[in-house]
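> One structure follows; several queries about it will come next.
Derivation of every value follows stated rules applied to the coordinates shown; laboratory data play no part. Here the structure is a predicted model, which means the values were calculated and not measured. Methodologically, a virtual Cβ is constructed for each residue, glycine included, from the backbone with ideal geometry; neighbour enumeration extends over all protein chains shown.
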Amino acid sequence: MKIIAVIPARFASKRFPDKLMHDLEGKTVILTTYHAAVATALFDDVFVVTDSDIIFNEIQSNGGKAIMSVKEHLSGSDRIAEAVENMDVDVIINVQGDEPFIEKRPLQELIDVFRNDVNNEVDLASLMRNITDKEAIDNPNNVKVVVDQMGRALYFSRSVIPYPRDENAGVRYFQHIGVYGFRKQALLDFYALPMKSLEASEKLEQLRYLEFGKHIQMLETTHVGIGIDTPEDLERARKVVRESH
């Protein structure tokens, strides 16, 4: 089984322009993320796929591997699908370009889902973490997921799911952590399928997979990471790097 990591990296960002090229104590955010993925030693190869000459050159000039997107894409899945379409690979792990502190263990657990799936029943695997703070549960920026008894995703939403009509029912709330593993065919199918109403409404690409019957295996994790979405996040990340040295 050939397994690669792909890091989709857009230069433009509405909330924090060119965030991936900002300095993180001597190294750009995107290069830090790339090196962290390589350092796990879990993958047969690691690529950054981007729409930006600046990011492409940043990775290539530092000895890394980058792929330039040919088309404009609305989602990370589309960008990755185009990049791997003609590659001889079985499983692709999507590492977020703005999360430079990736950990080996959750990535290993995602890979193990596919290694142990002898009947090829799982199309995607992803991560979730238990949240208990009401503000975090109510926050539409925190995507929630509900799963069945086998840990398969039933639905993702920015709304509170399930709705707590009975607050004593003992429901656990899970926040989706946007790290994915894909079978190559699931990605190619996504690439060819149209956006439907659920995805369009929630602006969550994972709903396209569910709407077309793909199986998403969710794994519970305690991994949080630091996503760099604002200048304040960048300062927090710089502090983490300084304290680790």
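> Hey, got the Cα dimensions of region 103-224 along the principal axes, in Å, largest first?
For region 103-224, the Cα spread along each principal axis is 40, 34, 25 Å.
> I would also like to ask the following. Give the share of C-alpha pairs in each 5 angstrom bin for region 144-195, from 0 to the last occupied bin, in whole percents, shortest bins first.
It works out to 4, 15, 19, 22, 18, 10, 6, 5, 1, in whole percents.
> Another one. In sequence order, what are the phi-derived ³J(HN,Hα) couplings for region 231-245 according to the Karplus relation 6.51 cos²θ - 1.76 cosθ + 1.60 with θ = phi - 60°, rounded to whole Hz, with x for glycine and proline?
Listing the rounded values in order: x, 5, 4, 4, 5, 4, 5, 4, 5, 4, 5, 4, 6, 7, 8 Hz.
> Separate question: Quick one: grab the alpha carbon gyration tensor of region 1-99, order the square roots of its eigenvalues as a ≥ b ≥ c, and give me rounded if a/c is under 1.5, else prolate or oblate depending on whether a/b is larger than b/c. List each step's numbers first, then the result.
Numbers: a/c = 1.82, a/b = 1.22, b/c = 1.49.
Judged from the Cα gyration tensor, region 1-99 comes out oblate (a/c at least 1.5, b/c at or above a/b).
> Check I131: other-chain or 5+ apart residues with amide H under 5 Å from its amide H, H built from backbone geometry?
Y173, F174, Q175
> Restricting to the chain, what percent of DSSP beta bridges are antiparallel, rounded to 5? Show your work: numbers first, answer last.
Numbers: 20 of 38 bridges.
Rounded to the nearest five, the antiparallel share is 55 percent.
> In the chain, which longest range has no GluC sites (Glu not before Pro) that are both DSSP loop (not H, G, I, E or B) and surrounded by at most 16 other Cβ atoms within 10 Å? Don't skip to the end; give the middle numbers.
Details: sites that count: E25, E72, E85, E103, E121, E167.
Formally, the longest exposed-site-free interval is 168-245.
> Then there is this: Report, in deg cm²/dmol and to the nearest 500, the calculated mean residue ellipticity at 222 nm for the chain, where each DSSP H run with n ≥ 4 adds -39500 (n - 2.57) and the sum is divided by the residue count.
Details: 9 runs with 81 residues, N = 245.
Rounded to the nearest 500, the figure is -9500 deg cm²/dmol.
> By counting other Cβ atoms within 10 Å of each Cβ, how are L187, L24 ranked from fewest to most?
On the way: L187 27, L24 20.
Result, fewest neighbours first: L24, L187.
> Let me ask something else. Search the structure for amide H atoms under 5 Å from the amide H of L154, placed 1.01 Å from N in the peptide plane, and list their residues when 5 or more places away or on another chain.
Close amide H contacts, sequence-distant or interchain: V146, V147, D148.
> When the chain is modelled as a GNM with alpha-carbon springs shorter than 10 Å, which of P194, P164, P140 fluctuates the most?
Ranking P194, P164, P140 by mean-square fluctuation puts P164 first.
> Need one number for region 166-245: average projected area of the convex hull over its C-alpha atoms, nm². Write out the running numbers ahead of the final one.
Values: hull surface 36.7 nm².
Mean orientational projected area (region 166-245, Cα hull): 9.2 nm².
> Restricting to bridges with both residues inside region 1-99, how much of the DSSP beta-bridge set is antiparallel, in percent to the nearest 5?
Details: 1 of 14 bridges.
That works out to approximately 5 percent antiparallel.
> Take every DSSP beta bridge with both residues inside region 103-224 and express the antiparallel ones as a percent of the total, to the nearest 5.
On the way: 15 of 20 bridges.
Around 75 percent antiparallel, to the nearest 5.
> Once the convex hull of the alpha carbons of the chain is built, what does its volume come to per residue, in cubic angstrom? Don't skip to the answer; put the middle values down first.
Numbers: hull volume 33.5 nm³, N = 245.
So the per-residue hull volume is 137 Å³.
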